Amino acid sequence: MHCENKPVSQYLQDVKVITDEFAIIDVPLSDDDLLLYILNGVRSEFKEIVAVVRSHDTSISFENLHDKLVEHEAALTRADATVATPIITANVSQSF
């Protein structure tokens, strides 16, 4: 499963549902496997977050990763909105 065009929160919810289904049939995923699965499935816009998480010696919790990815997506959305919003300028002419 990949994030594709879904919001990252929806992707993470889908992953959590699958993880819970595995746990129900007594095949729980380790936290490291879950993180690896998530990191491999997010869009390329998240490569900075993926690199930081992978560079840490200690694992990050699902909740913490969720927060980081959602925050990053919000920052990307704000940046896109800023770029898409034209700056309105007024031409001032003076008559002498």
Legend entry - Residue list for the stretch 57-66, filter: assigned to a helix (DSSP H, G or I) and touching a residue at least 24 places away in the same chain (Cβ under 8 Å): PHE62, LEU65, HIS66
Inset, instruction - Taking the residues in the stretch 50-66 that are hydroxyl-bearing (Ser, Thr, Tyr) and farther than 15 Å from LEU12 by Cα as candidates, determine which candidate is surrounded by the most Cβ atoms within 10 Å (Cβ to Cβ). - result: SER59
Inset, instruction - Output yes when any residue across the stretch 28-39 is assigned to a helix (DSSP H, G or I) and within 20 Å of ALA75 (Cβ to Cβ), and no when none is. - result: yes
Legend entry - Flag if VAL17 is touching a residue at least 12 places away in the same chain (Cβ under 8 Å) and either assigned to a helix (DSSP H, G or I) or of a type in the set (S, T, N, Q) (or both): no
Legend entry - In the stretch 67-89, the residues that are among the small types (Gly, Ala, Ser) and either more than 19 Å from the chain's Cα centre (by Cα) or at pLDDT 90 or above (or both): ALA74, ALA75, ALA84
Inset, instruction - Run down ARG78, ARG54 and say which single residue is among the basic types (Lys, Arg), touching a residue at least 12 places away in the same chain (Cβ under 8 Å) and either out of contact with any strand residue (DSSP E or B) (no Cβ under 9 Å at 6 or more places or on another chain) or closer than 18 Å to LYS16 by Cβ (or both). - result: ARG54
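I'm checking my understanding of the structure. Among residues of the stretch 8-22 that are among the hydrophobic types (A, V, I, L, M, F, W, C), more than 19 Å from HIS72 (Cα to Cα) and surrounded by 11 or more Cβ atoms within 10 Å (Cβ to Cβ), which one is farthest from the chain's Cα centre (by Cα)? Break it down stepwise before answering.
Applying the first criterion (among the hydrophobic types (A, V, I, L, M, F, W, C)) to the stretch 8-22 yields 8, 12, 15, 17-18, 22.
After this cut, where a residue has to be more than 19 Å from HIS72 (Cα to Cα) as well, the list is 17-18, 22.
Next cut, surrounded by 11 or more Cβ atoms within 10 Å (Cβ to Cβ) only: 18, 22.
Values: ILE18: 18, PHE22: 23 Å.
Top of the filtered list is PHE22.
With the requirement that a residue be closer than 18 Å to HIS66 by Cβ, of a type outside the set (Gly, Ala, Ser) and exposed (fewer than 12 other Cβ atoms within 10 Å of the Cβ), what does the stretch 23-32 give you? Write out each step before concluding.
First, the residues of the stretch 23-32 that are closer than 18 Å to HIS66 by Cβ: 23, 29-32.
With the extra rule that they be of a type outside the set (Gly, Ala, Ser), the set shrinks to 29, 31-32.
Selection gives ASP32 alone.
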Inset, instruction - Output the number of the condition that ILE49 fails; it satisfies all remaining conditions of (1) under 27 Å from ALA79 (Cα atoms); (2) aliphatic (A, V, I, L, M); (3) in contact (Cβ under 8 Å) with a residue 24 or more places away in the chain. - result: (3)
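The values are calculated or read from the model by the stated rules, or taken from the named source; none is laboratory data. Given the structure is predicted, the values throughout are model-derived calculations rather than measurements. Don't worry about glycine lacking a Cβ; one is built from the backbone with ideal geometry, like all the others, and counts go over all protein chains shown.
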